[in-house]
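Reviewing the structure listed below.
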Number of protein chains: 2
Amino acid sequence: VQAGDDLATLIADAAPDLRHGDVVVIAQKVVSKAEGRVRALASVEPGTEAIAFADDFGKDPRLVQVVLDESASVLRAERGVLICETHHGFICANAGVDVSNAPGDDVAILLPVDPDESARRIRATLRERAPRSTSFPPSGKDLDLGVVISDSFGRAWRLGLTDVAIGAAGITVIDDWRGRADAHGRELRVTEVAVADELAAAADLARSKDSQQPVVLIRGAARYVTTEDGPGAAALRRPPELDLFR
Amino acid sequence: VQAGDDLATLIADAAPDLRHGDVVVIAQKVVSKAEGRVRALASVEPGTEAIAFADDFGKDPRLVQVVLDESASVLRAERGVLICETHHGFICANAGVDVSNAPGDDVAILLPVDPDESARRIRATLRERAPRSTSFPPSGKDLDLGVVISDSFGRAWRLGLTDVAIGAAGITVIDDWRGRADAHGRELRVTEVAVADELAAAADLARSKDSQQPVVLIRGAARYVTTEDGPGAAALRRPPELDLFR
């Protein structure tokens, strides 16, 4: 996938059996490539801060500069790790900048500028392209399918990465059970399920890191698919006033 | 499920088609109930600290006392939320203590004392009980299946809960790609996938919070099933020396 490629059409061509109720989970990297969100390190002029950090930790100062350019703030810079808040408001290592699986050694891949907008745009094309199921209700509506754009994030207190949603359209991003009753009729108090993140995690199990399978189709999760695009993965970002650990 | 029930036998009875390569994901709450890890609040005498916190935030001081009893330390106590490190080393809200779906209003459900040991014990029984598949290699071995005990945890910078593994046996808990090559032959540098957490998250999508379905069977993830019990979910706990946010 190269800059300018129509990723949604590539997906529709590759998934002729796409149908009502499906969720399409797309790895961030291929979305970024299609959107031209890459930077050649040869063109990057590292500043003082980037050079200082790179010296301390044995990193490429040009790559550090790209990370800083993608960051609204840096929460931690320790043991060679930069934990950043991106301009979108995601908190993750290296502001989501990655060089693995890049077309060349000297290219950094950035997060999409607006991953929710990317998801909405891809969804619009998939809805046009995919055949409408005649067997699934509601028959009179447009094809309803969900799109998740996923990336691998670390966690503050758990080792290992899990895939989470950085963009979403057409799915219930958070399934809010607050105020609803549990099986004993008691009110559930703090149960908001981050469905979009669980869909991203489930999709990650279906591929391996060297398989070059950027898209996973989830079938059987139709109850999370919505007609409207919805709030997107932006709804998963914890606002600063609810953040206890910044 | 009541204290003393043989949960593994109940699961084996309910899943006669359990087979080689399956992963059985069990909600923590039912494991705790079977192990008698409940406390009647009527028997709890709250101390000064619990009373003070309960007064500040309008909580039941007896429940706060149970949370403190289950905690090795309290990381944050703000806006009615106690973020605790449990005696196991898990960091989560209220030390994993929950009252929803409890058999009565005045009972708190605690995490299992050793969820990895719970997973190993359940796995041992399932291996004995489930018929060995004759069609799946390796034919000469014991039935290899994985067990995950899941609970819903919040995240420092993302809204909503996702299910994670608090106990595990017979699965690859972290799939470590460090040192292996990506699709372009480049060495992958920091890719450790928290497979056990992704399995827990995937299972959560298959049920709803009021469905009283404490067990989900995952089929098709056999490549993560191991012959040995393995390190368990303990391997997912970030050690204090790698913790940037405590």
Convex hull (Cα only) mean projected area of the protein assembly as shown, reported in nm² to one decimal: 24.3
Residue-level accessible surface for B:Phe153, protein heavy atoms, 1.4 Å, Å²: 10
Per-copy distances of the A:Glu241 label point, shortest first, in nm (7 angstrom along Cα→Cβ): 4.1
Copy-to-copy label separations for A:Arg76, where each label sits 7 Å from Cα toward Cβ, in nm and ascending: 1.3
Debye equation applied to the C-alpha atoms of region B:1-79, log10 I(q)/I(0) at 0.20 Å⁻¹: -0.90
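How high is the FRET efficiency from A:Ser208 to B:Ile51, r the C-beta distance, R0 30 Å, rounded to 0.05? Before the final figure, lay out the partial values.
Numbers: r = 52 Å, r/R0 = 1.75.
Step by step, r from the Cβ atoms, then E = 0.05.
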Area of B:His20 that stays accessible when all protein chains are in place (1.4 Å probe, Å², to 10): 10
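Nearest 100 Å² is fine: what is the total accessible surface buried where chains B and A meet, probe 1.4 Å?
On the way: alone 13470 and 13470 Å², together 20800 Å².
Buried area between the two chains comes out at roughly 6100 Å².
Within the set of other residues whose C-beta is less than 15 Å from the C-beta of A:Asp69, count the net charge using Lys and Arg as +1 and Asp and Glu as -1.
Values: positive: A:Arg37, A:Arg39, A:Lys59, A:Arg62; negative: A:Glu45, A:Glu49, A:Asp60, A:Glu70, A:Glu85, A:Asp98.
Once positives and negatives cancel, what remains is -2.
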Peptide ranges A:7-18, B:66-77 listed from the most packed, as the mean C-beta count within 10 angstrom indicates: B:66-77, A:7-18
Cut-off under 5 Å, modelled amide H: who pairs with A:Asp98 long-range: A:Ile109
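How crowded by other chains is B:160-171, given as the mean number of beta carbons from other chains within 10 Å of each beta carbon?
Counting other chains' Cβ atoms within 10 Å and averaging over B:160-171 gives 4.
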Label geometry 7 Å along the beta-carbon vector: B:Asp56 inter-copy distances in nm: 3.2
Cut-off 9 Å between beta-carbons: net charge of the residues surrounding B:Glu192, Lys and Arg +1, Asp and Glu -1: -1
For region B:202-208, 3J(HN,Hα) per residue [Karplus equation, 6.51 cos²θ - 1.76 cosθ + 1.60, θ = phi - 60°, Hz, x = Gly/Pro]: 4, 4, 4, 5, 8, 9, 10
Residues in region B:189-214 occluded by at least 50 Å² - accessible area, probe radius 1.4 Å, against chain by itself: B:Glu198, B:Leu205, B:Lys209, B:Asp210
Chain A: calculated mean residue ellipticity at 222 nm from DSSP helix runs of at least 4, using -39500 (n - 2.57): -7000 deg cm²/dmol
log10 of Debye I(q)/I(0), alpha-carbon scatterers only, for chain B at 0.10, 0.17 Å⁻¹: -0.52, -1.29
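Cα-Cα pairs above 17 Å in region A:154-246: how many percent? Walk me through the numbers on the way to the answer.
Values: 2666 of 4278 pairs.
Cα-Cα pairs of region A:154-246 separated by over 17 Å account for 62 percent.
Summarise the partner chain shielding of B:79-88 as one whole number: the mean count of Cβ atoms from other chains within 10 Å of each residue's Cβ. Spell out each step's value before the answer.
Details: counts 3, 1, 3, 0, 3, 0, 1, 0, 0, 0.
Counting other chains' Cβ atoms within 10 Å and averaging over B:79-88 gives 1.
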Sorted largest first, extent of region B:42-118 alpha carbons per principal axis (Å): 37, 29, 19
Ranked by how many other beta carbons lie within 10 Å on average, peptides B:47-56, B:202-211 from highest: B:202-211, B:47-56
For A:Leu161, residues with placed amide H under 5 Å, excluding near neighbours: B:Glu192, B:Val193, B:Ala194
Kirkwood-based shape ratio for region A:192-246, expressed as Rg/Rh from alpha carbons: 1.05
Karplus-derived HN-Hα couplings along region A:106-117 (A = 6.51, B = -1.76, C = 1.60, θ = phi - 60°), whole Hz, x at Gly and Pro: 10, 10, 9, 9, 9, 5, x, 4, 9, x, 5, 5
Estimated vicinal HN-Hα couplings, Hz - region B:55-71 in sequence order (Karplus 6.51, -1.76, 1.60; Gly, Pro = x): 4, 5, 10, x, 9, 7, x, 5, 5, 4, 4, 4, 4, 5, 4, 8, 9
Lysine pair count for chain B [Cα-Cα under 26 Å; pairs on different chains or 8 or more apart]: 5
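The values are calculated or read from the model by the stated rules, or taken from the named source; none is laboratory data. None of these values were measured; they are calculated from a predicted model. Ideal geometry is used to build each Cβ from the backbone, glycine not excepted, and the neighbour counts take in all protein chains shown. Only protein heavy atoms, including side chains, enter the accessible area calculation; ligands, DNA and RNA are left aside. Shrake-Rupley method; radii C 1.70, N 1.55, O 1.52, S 1.80 Å.
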